[in-house]
Amino acid sequence: MKHRYRSGHAITPRRVSFDWDATPLHWIPDEPTATHVINVLHLLLPAGERWFVKVFKEALPLVDDKELLKDVKGFMGQEATHSVQHAYVLEHLAHQGLDTTAYTRRVDFLFDALLGERPPLGLPLSGREWLRFRLSVIAAVEQFTAVLGNWVLHADDLDRAGPDPVMLDLLRWHGAEEVEHRSVAFDMYEHCGGEDPGRYARRVVGMLITAPVLTYLWMWGSAYLIRHDPQLAGRLRYSLREHNKAVRKGLLPSSRQLGAAVPRYLRRSYHPTQEGSLRRAVDYLATSPAARAAAGAIGRAALS
């Protein structure tokens with residue numbers, strides 16, 4: 001199956017690194033709720049993005065489009081790097097007294113057991129159908145990561161709040177790469193579905209399962225981080241009131257922004273190139289301190 005949308009933009013992993021030594025636990029000053037709602041990314045992404053790569057490896061033999069194959073391999077390299085860098089943040093949180101293992105063990109179970117190579121609980125699905133379903137889930141998740149990536153690239157109020165610059169660069173580097181590869185998982189799903197008449201229905205089911213599960217995991221993760229934050233010592237609980245205060249300050253995306261991503265995705269004519277601006281993403285990646293350092297290291301290695 002050939003794809004209508006080709007930007008000609010090469011998707012390339014950037015081997016970035018970050019120094020977390022000076023990053024405070026509340027990296028948005030005086031905003032613990034906003035800090036920890038965003039910190040849920042670090043809880044979900046190490047396991048989630050490792051799982052993306054595993055599923056795509058299973059599906060690679062189904063790809064007979066050379067251009068798509070290049071995009072998929074670039075996507076896999078970027079996702080593997082994201083997973084590693086967010087895992088380092090978890091180590092940093094642990095060093096500051098915030099242990100996340102009770103939560104991340106359950107996230108690992110979700111991806112490794114419930115969404116592993118074989119259907120759970122004896123679901124009567126063939127191996128090919130189970131693979132296609134998991135690809136539909138990845139495409140749905142990537143819809144939200146593209147929306148979040150676009151949001152953080154435009155979140156000027158976040159800059160005005162005086163956040164830790166290293167964490168902000170991590171979020172914007174990651175967000176820019178999510179916008180950069182925003183259509184790859186969707187194209188991979190469509191390609192592996194071939195001319196199957198159930199391809200659109202499966203895409204709908206993937207989103208209708210993914211959206212509420214992500215919402216639950218995010219709210220649970222936010223509550224977990226705030227409850228276990230040693231600097232708060234039980235003085236604060238996660239609440240929609242505090243969450244919405246942070247939204248009004250421009251420190252978090254609104255539920256309306258995230259929710260609107262679902263009906264867009266469910267349009268039959270939809271394609272993720274409609275999400276965000278590739279130019280904005282590439283422009284940030286050209287100025288990101290971590291991405292520039294990674295590019296410089298590659299250049300020095302080539303000259304040595």
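Odds and ends about this structure:
- Added length on full extension, which subtracts the Cα-Cα distance from 0.36 nm per residue, Leu236 to Tyr270: 8.1 nm
- Given +1 at the Cβ of Lys and Arg, -1 at the Cβ of Asp and Glu and no other charges, the dipole of the chain around its Cα centre is 740 debye to the nearest 20.
- Extreme residue, positive dipole direction of the chain, given options Thr35, Val53, Val184 (C-beta unit charges): Val184
- Vicinal HN-Hα couplings computed from phi for the stretch 179-196 (Karplus, 6.51 cos²θ - 1.76 cosθ + 1.60; Hz; Gly/Pro x): 5, 4, 10, 4, 9, 5, 5, 5, 5, 5, 4, 4, 5, 6, x, x, 9, 4
- Alpha-carbon centroid distance for the pair the stretch 173-242 / the stretch 86-124, whole angstrom: 14
- Alpha carbon convex hull of the chain, projected area averaged over orientations, nm²: 16.4
- Exposed loop sites here mean trypsin sites (Lys or Arg not before Pro) with a DSSP loop assignment and at most 13 other beta-carbon atoms within 10 Å; the chain contains its longest site-free run at 7-234.
- Förster-model FRET efficiency, 35 Å R0, Ser126 and Asp21, C-beta, rounded to 0.05: 0.10
- A helix-only calculation puts the chain at -21500 deg cm²/dmol for mean residue ellipticity at 222 nm, using -39500 (n - 2.57) for each DSSP H run of at least four residues, averaged over all residues.
- Dipole moment magnitude, nearest 20 debye, the stretch 65-136 about Cα centre, only Lys, Arg, Asp, Glu C-beta charged: 240
- DSSP-loop GluC sites (Glu not before Pro) across the stretch 86-149, with at most 14 other Cβ within 10 angstrom: Glu117
- Computed extension length for Ser255-Asp108: 50.3 nm, one decimal, from 0.36 nm per residue of separation with the Cα-Cα distance subtracted.
- Kirkwood-Stokes translational diffusion coefficient of the stretch 177-304, alpha-carbon pairs, 37 °C, 0.692 mPa s, µm²/s: 177
- Computed from backbone phi with θ = phi - 60° and the Karplus coefficients 6.51, -1.76 and 1.60, the 3J(HN,Hα) list for the stretch 46-57 is x, 6, x, 6, 4, 5, 3, 5, 4, 5, 5, 4 Hz; x is used for glycine and proline.
- Scattering curve values for the stretch 87-240, log₁₀ I(q)/I(0), Debye with Cα scatterers, q = 0.12, 0.13, 0.16 Å⁻¹: -0.69, -0.80, -1.11
- Evaluated with a Cβ-only charge set (Lys, Arg +1; Asp, Glu -1), the stretch 230-273 carries a dipole of roughly 140 debye about its Cα centre, given to the nearest 20.
- Per principal axis, descending, Cα span of the stretch 188-260 in whole Å: 55, 25, 16
- The stretch 1-94, Rg to Rh (Cα coordinates; Rh as Kirkwood inverse mean 1/r): 1.10
- Farthest towards the positive end of the charge dipole of the stretch 220-286, among the residues Leu225, Ala260, Leu278, is the Cα of Ala260, using unit charges on the Cβ of Lys, Arg, Asp and Glu.
- Using the Karplus relation 6.51 cos²θ - 1.76 cosθ + 1.60 with θ = phi - 60°, the per-residue 3J(HN,Hα) values for the stretch 152-169 come to 5, 5, 10, 7, 5, 5, 5, 4, 5, 7, x, x, 4, x, 5, 5, 5, 5 Hz, with x marking Gly and Pro.
- Charge dipole of the chain about the Cα centre (unit charges at C-beta), most positive-ward option of Ser239, Thr210, Leu168: Thr210
The numbers here are math on the coordinates, done by the rules we state, and not lab data. What you are looking at is a predicted structure, and each value in this text was computed from that prediction instead of being measured. In this analysis, Cβ positions are derived from the backbone assuming ideal geometry, glycine residues included, and neighbour counts consider all displayed protein chains.
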